Amino acid sequence: MKEYITDLAGIFESQILVATVIFLIYFFLAKIADIFTNKVIRRLTKFTKTGLDDRIIDLLHRPVFFTLIIFGAVHALATLDLQEKFTYYSKGTLFSLLAVLWCIRIIKVSSSIIENSIQKGSDTTGLSQEVSPLVENLWTVLVIIGSIMLVLSIWKVNVTPLLASAGIVGVAVALAAKDTLANFFGGISIFIDKPYKIGDYIVLDRGERGEVVKIGIRSTRIKTRDDIMISIPNSIIANTQIINESAPVPNFRIRVPISVAYGSDIEMVEATLMEIAAENENVQNTPEPRVRFRAFGESSLNFELLCWAKEPAIRGKTIHDLNKGVYNKFNEAGISIPFPHRTVYLRDDNQWQRKQ
């Protein structure tokens, strides 16, 4: 009996020794990972222009250290000949702590990434900074729900009824707020696809034309040339045809049709139109303006002046100045602009009756 107890004690002492060695190996690996992160990776991030990577390292290097420590403890416990119940609760507690730790860190890291992305995107897409808290809260809720499900699965709790209940609640919420969700996802698609940005001039399929002044999570606002603000739900604008006059380059092509009388000197007409375009300060030199002889009309020669305005906002003023220049220059050059003529004959009723 004494020899059996002695052998059992020796086995137990050897198990403790093995468990201690395993734990120390994991602790050593955790310290190496911590030193490598602080000494190597942190130095590499100094060469980047953004501070987001430094923030992510600050948030993640400690969880990585404690993750290796917890795995070492679990591995060490597995080498000991302990009661099944004790092992179950020990592993469950350690893995639950690990899940909570990573839940908190994932929330903080994702919040930093979302805030940084929306801050950059707001400069180009105009996505409001007010969107950041909404997206962060939604993501936080999803991470917390996922972490709770993970902890329950660690403790071998049946989550099927909870998932079924969550599915029913989700369907009910989706039906009740389908318009809001449609606008939300429409705003996300605009943010990702970037069909336009703040300052662009767009034309909707109904004919409205204006400058994009704000892109929100629910709607997009454009201001027309009449200084009228139009708010369009993102669910509608994401599924409609949009003409972006400011893309891919901000220059806007203008077509000005001109008719001259038959018998006009077409070389003089072309030279005069090119001179008018060159004198207009709103017309760009590159691409250079051009004149095209389009067709022989019934009573006129039809030309077209093609030029590029500097931006869509001055299209109306540019056309106005070009038309005014055409009229004045053609009068100076003696170029006739044809227009319909009618000859009206007036009859004398008395003479008309005598002839009858």
Candidate set from region 297-319 (those that are free of Cβ contacts under 8 Å to residues at least 40 places away in the same chain and not in a loop (DSSP other than H, G, I, E, B)); member that is nearest to Glu245 (Cα to Cα): Ile314
Hey, Ser153 modelled with pLDDT of 75 or more and either part of a helix (DSSP H, G or I) or within 17 Å of the chain's Cα centre (by Cα) (or both) or not: yes
Residues of region 209-227 that turn out to be of a type in the set (Lys, Arg), part of a loop (DSSP other than H, G, I, E, B) and more than 17 Å from the chain's Cα centre (by Cα), as a count: 1
Residues located in region 209-228, provided they are touching a Lys or Arg at 6+ places or on another chain (Cβ under 9 Å) and free of Cβ contacts under 8 Å to residues at least 12 places away in the same chain: Arg221
Pairs with Cβ under 8 Å, 6+ apart, first in region 320-332 and over 13 Å from Asn282 (Cα atoms), second surrounded by 14 or more Cβ atoms within 10 Å (Cβ to Cβ) and among the small types (Gly, Ala, Ser): Phe330/Ser336
Output for region 323-356, where each listed residue is at pLDDT below 85 and charged (D, E, K, R): Arg342, Arg347, Asp348, Asp349, Arg354, Lys355
Filtered residues of region 235-291 (kept if within 17 Å of Asn331 (Cα to Cα), part of a strand (DSSP E or B) and in contact with a helix residue (DSSP H, G or I) (Cβ under 7 Å, 6 or more places away or on another chain)): Ile258, Val260
The listed residue being without any contact (Cβ under 8 Å) to a residue 40 or more places away in the chain, outside any strand (DSSP E or B) and among the basic types (Lys, Arg), out of Arg206, Arg294: Arg206
Residue match in region 84-103 (condition: over 20 Å from Val151 (Cβ atoms) and aliphatic (A, V, I, L, M)): no
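The values are calculated or read from the model by the stated rules, or taken from the named source; none is laboratory data. None of the values given here were measured: they were computed from a predicted structure. As a convention, Cβ positions derive from the backbone with ideal geometry for all residues, glycine included, and neighbour counts pool all protein chains shown.
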